[in-house]
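Beneath this line is the structure, given in structure tokens, with notes to follow.
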Amino acid sequence: MNIAIMGFGVVGSGVAELMTKNHAGITEKSMQPSMEIKYILDLRDFPDSPFCDKIIHDFSTILEDDSIAVVVETMGGLHPAYEFVSDLLQAGKSVVTSNKELVAAKGYELLTLAQEKNVNFLFEASVGGGIPIIRPITQCLAANEIDEIAGILNGTTNFILTKMITENMEMGEALAMAQHLGYAEKDPTADVDGIDACRKICILASLCFGKHIYPDQVRTEGIRDVQLRDVSYAANGGYGMKLLGVARRVEGNKLCIFVAPCLVQGHSQLASVDDVFNAILVRGDAIGDVVFYGRGAGKLPTASAVVADVIDCAKHIAKRKLLDWGAPEDGFVIDCAEVPYPFFVRGVCDCEKTAETVRGALAKQELHIENAPEGEIAFLTGEISENALRAALAEIPGFSTGSMMRVTAY
């Protein structure tokens, strides 16, 4: 069986390397007489690569070659990836992708097209990199009703928060270190503003709750505004701080979904996930909580997940794996600002009387740090919606809100 790779960057080159290195085992597991890379599509030439003889520049070469049964898309971005993948599925070729932007934006459409053409569209690597999560949700946990899924879905932001927690670094300093080490891009917007995590929680929520969720339906906050004092207050209260993507079933079978910095219980499995590692917690009605942990990115970890999907496609030629979700539905996603959570609040009071008013009205537990600025107060609330909390704080004259974060039950 012949395959093609579109995009010869970090992940695409990792796929080629892994398929060559473990060729015999991959071929045996695929149940095919052979598994060969025939083409690698890229805009660039790679004269020094051992795969230089496979490099092509014309997409139609892959599209029109009937010997190509499976195509790996590792180009990234929405265009032209979407057009290429659509054409390939239409032509009866299965597609494997690591492209979270593509799956989050066009997953329902591409899955529907794959179903019509009796081919497969698989994307294990699009969420957890090398962490297996798509198959466990759709197969191992299939007997469960999933009530909630929450994940540390971005290694860059987790590295930054870890440095803030363990080494008392300011956010800007930790970001600079992440960039120096190659964990963050020169433009870190997709990471620090939560865009990357948003795309991933969209995919997970679509899988778990059965309807396509678009990124623009997700309330998304990054970590740019997190202060070192916030981290210190949380730690003194027995909490860690993580950028989480959360999708939670709420009353009336609706979905609350968001990406935001959150406080997590200090003894929880998520609190202990440090540096560039990721973790995804799935809460099922039968299994309870299960956590999937590992490296969420990287050349070979991500390639591992991609090649596993290639093997799956090879084993399912002319038949489909059951991997689908339904169309988006108006009203399914509700405003997360209306869903009650305990909150962490940090702010400044203009006088002690204002502080006493805040304590009496909203503070369930007050938090302290050494050398807090004059007039600053930090506290945890009971369960309250964000909208109700903001309204209550607005009615206290002399209080200025600095930070507000949800406190999770994990």
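Is it the case, given these coordinates, that residue 310 is closer than 26 Å to residue 162 by Cβ and in contact (Cβ under 8 Å) with a residue 60 or more places away in the chain?
For residue 310, the condition - closer than 26 Å to residue 162 by Cβ and in contact (Cβ under 8 Å) with a residue 60 or more places away in the chain - is not met.
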| Residue list for the stretch 237-258, restricted to those being open to solvent by less than 40 Å² (accessible area, probe 1.4 Å) and among the charged types (D, E, K, R) | 242
| request: Report whether or not residue 345 is closer than 19 Å to residue 410 by Cα and either in a helix (DSSP H, G or I) or touching a residue at least 12 places away in the same chain (Cβ under 8 Å) (or both). | output: yes
| said: Looking at (1) surrounded by fewer than 17 Cβ atoms within 10 Å (Cβ to Cβ); (2) out of contact with any strand residue (DSSP E or B) (no Cβ under 6 Å at 6 or more places or on another chain); (3) touching a residue at least 12 places away in the same chain (Cβ under 8 Å); (4) part of a loop (DSSP other than H, G, I, E, B), which one does residue 297 not meet, given that it meets all the others? | reply: (1)
| Here are 311, 317: which of them is surrounded by fewer than 19 Cβ atoms within 10 Å (Cβ to Cβ), aliphatic (A, V, I, L, M) and over 30 Å from residue 177 (Cβ atoms)? | 317
| note | Of those in the stretch 248-288 that are of a type in the set (Val, Ile, Thr) and within 16 Å of the chain's Cα centre (by Cα), the residue farthest from residue 130 (Cα to Cα) is 257
| remark: The lone condition residue 68 fails out of (1) within 27 Å of residue 254 (Cβ to Cβ); (2) open to solvent by less than 30 Å² (accessible area, probe 1.4 Å); (3) of a type outside the set (Lys, Arg) is (1)
| So how many residues does the stretch 320-342 have that are open to solvent by 60 Å² or more (accessible area, probe 1.4 Å) and either assigned to a helix (DSSP H, G or I) or among the polar types (S, T, N, Q) (or both)? | 1
| Is there any pair with a first residue in the stretch 73-91 that is outside any loop (DSSP other than H, G, I, E, B) and a second that is among the hydroxyl-bearing types (Ser, Thr, Tyr) whose Cβ atoms are under 6 Å apart and which are 6 or more apart or on different chains, and what are they? | 73/97
| note | When the stretch 164-180 is checked residue by residue, the ones that are in a helix (DSSP H, G or I) and open to solvent by less than 30 Å² (accessible area, probe 1.4 Å) are 164, 171, 174, 175, 178
| remark: With criteria (1) in contact (Cβ under 8 Å) with a residue 12 or more places away in the chain; (2) on the phi < 0 side of the Ramachandran plot; (3) more than 14 Å from the chain's Cα centre (by Cα), residue 216 comes up short on (1)
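The values are calculated or read from the model by the stated rules, or taken from the named source; none is laboratory data. No experiment lies behind these values; they were computed from the predicted model shown. Please note: Cβ atoms are built from the backbone with ideal geometry, for glycine as well, and neighbour counts cover all protein chains shown. For accessibility, only protein heavy atoms count, side chains too; no ligands or nucleic acids. Shrake-Rupley method; radii C 1.70, N 1.55, O 1.52, S 1.80 Å.
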